[in-house]
Amino acid sequence: GQIAGDVAIASTARLQLRFSNTPLDFSTLFLPAGSVEGSLSGTLDLDTSRKKGEARFNFKGMRIAQDVDDPRPAFDATVNGDWAGSRLELVAAAQGISERPFDLKASLPVVRPRDSAFPTLATRGKVSGSLDWDGPLASLAALVDLHGQRVAGRARVALRASGDIAAPVIDGSATLSDGEYENFTTGTLLKSIEARLVAQNSRDADFTLTATDGASGRINAKGSLTLDKNATDAISITAQVSNARLVRRADVDATIDGDIVLRAPALPPTLEKPAILSGALTTKEMVIHIPESLPADVPLVEVIEINGSEASGAAPVDQKAEPLPLLLDLTLATTKPVRVTGRGLDSLWAGNFAVTGSIDEPLVKGALNSQRGTLD
């Protein structure tokens, strides 16, 4: 692979770059992306002093967030962009993830701030765009990181955007039929997923979803998303869980009833305006098995010595990742005693819990009371 060109950056920027079979893992040095495979060929010509630019990119054999245990299909893609004055015209297509190409077209307002050498999206201005695709949902796993998860089903997407970029108008629909979702960490398995999102000439989108747990359990959800800044809730989703076996693990197996509500004042949620997940859940059936030994993936807790000397070998404190802007307000009650077994214990328990705090640092309050049992 090769990269050649000229770069000059001062109060303005001038770039003339040529890519020839350039390995994409090189881009991880500059872009916030995980493991990326494939190659890039194309050109980038940019002159911000004249407010013009052109990009022609061709990607071959791309794989994003590759999982050794779950290899993703490779695909080819093209991205073409033209910047002139205050407009950016963008056309992108992906081939190989389905029979029909994944097509994206957009016309966006841009501006170059006085204190920056590079252009950025404007806060106001006319916008237009379209997204069209029809194919298996599993192929989208090639575009996103779904580590430890599996999706399947038939997806159809036909969306249009217009109006002002500060409050774009969305029109179109997205559907999923005969879908499946599996989480290998929690053992959650949803089948017969039918979902539909519709936006009719407005900034609001309504959706419905139904699914089963593969047996008699059912999940029904509905909600709305809005880009209207004056709306009370940008995200409003309610879900009813009925006799659904949502956790299937060797150590925990749980069937749950209840109602869940997800609301957020902003789309997407932020730390200043986080989403709130609330609801009341009850366990229909729950078995907890205490393992004979800890699994190999349990991490060691490194000791951090407070006020210790540098020579004491204290472990450094890692910086925390950006927290997820989601707060909790959940209750969990047992309608039928929870059975706890393992290591000679066979017992029944009942109790109630309240879960608050954030999704990254939940606060759990409550009590479990033993009803009866034996310990051998």
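The values are calculated or read from the model by the stated rules, or taken from the named source; none is laboratory data. Keep in mind the model is a prediction, meaning the values are calculated, not measured. Note that we place each Cβ from the backbone using ideal geometry, even for glycine, and neighbour counts take in every protein chain shown. Remember, those area values only see protein heavy atoms, side chains included, never the ligands or the DNA or RNA. Shrake-Rupley method; radii C 1.70, N 1.55, O 1.52, S 1.80 Å.
Quick check: anything in segment 198-213 under 20 Å from A239 (Cβ atoms), acidic (D, E) and in a loop (DSSP other than H, G, I, E, B)?
There is at least one residue in segment 198-213 that is under 20 Å from A239 (Cβ atoms), acidic (D, E) and in a loop (DSSP other than H, G, I, E, B).
Would you point out which residue out of S98, S39 is modelled with pLDDT under 95, surrounded by 15 or more Cβ atoms within 10 Å (Cβ to Cβ), in contact with a helix residue (DSSP H, G or I) (Cβ under 7 Å, 6 or more places away or on another chain) and not in a strand (DSSP E or B)?
That would be S98, the only listed residue that is modelled with pLDDT under 95, surrounded by 15 or more Cβ atoms within 10 Å (Cβ to Cβ), in contact with a helix residue (DSSP H, G or I) (Cβ under 7 Å, 6 or more places away or on another chain) and not in a strand (DSSP E or B).
Checking R245 against (1) open to solvent by 80 Å² or more (accessible area, probe 1.4 Å); (2) in contact with a His (Cβ under 8 Å, 6 or more places away or on another chain): exactly one of these is not met. Which one?
Unmet for R245, out of (1) open to solvent by 80 Å² or more (accessible area, probe 1.4 Å); (2) in contact with a His (Cβ under 8 Å, 6 or more places away or on another chain): (2).
Can you find a residue in segment 255-264 that is over 27 Å from the mean Cα position of the chain (by Cα), modelled with pLDDT of 90 or more and of a type in the set (K, R)? Lay out the reasoning, then the answer.
We begin by selecting, within segment 255-264, every residue over 27 Å from the mean Cα position of the chain (by Cα); these are none.
Checked against the condition, which is being over 27 Å from the mean Cα position of the chain (by Cα), modelled with pLDDT of 90 or more and of a type in the set (K, R), segment 255-264 yields no hits at all.
If you check L131 against the conditions, is it within 27 Å of the chain's Cα centre (by Cα), modelled with pLDDT under 95 and not acidic (D, E)?
yes
So which residues in segment 1-15 are more than 17 Å from E54 (Cα to Cα) and part of a loop (DSSP other than H, G, I, E, B)?
G1, A10, S11
Could you tell me whether segment 153-174 includes any residue that is under 19 Å from R245 (Cα atoms) and touching a residue at least 24 places away in the same chain (Cβ under 8 Å)? Talk me through it step by step, then tell me what you get.
Within segment 153-174, the subset under 19 Å from R245 (Cα atoms) is none.
Within segment 153-174 (the criterion being under 19 Å from R245 (Cα atoms) and touching a residue at least 24 places away in the same chain (Cβ under 8 Å)), the answer is no, since none of the residues qualifies.
Starting from residues that are polar (S, T, N, Q) and modelled with pLDDT under 90, keep the ones in segment 319-354 and report whichever is least open to solvent (accessible area, probe 1.4 Å).
T335
Failed condition for V301, given (1) modelled with pLDDT under 80; (2) over 30 Å from L225 (Cα atoms); (3) open to solvent by less than 90 Å² (accessible area, probe 1.4 Å), with all others met?
All conditions pass for V301, except number (3).
Identify all residues within segment 236-284 that are closer than 15 Å to L225 by Cβ and of a type in the set (V, I, T); write none if there are none.
Selection gives I237, T238, V261.
When the residues of segment 355-376 are narrowed to those that are open to solvent by less than 40 Å² (accessible area, probe 1.4 Å) and free of Cβ contacts under 8 Å to residues at least 60 places away in the same chain, which ends up farthest from I288 (Cα to Cα)?
My answer is G357.
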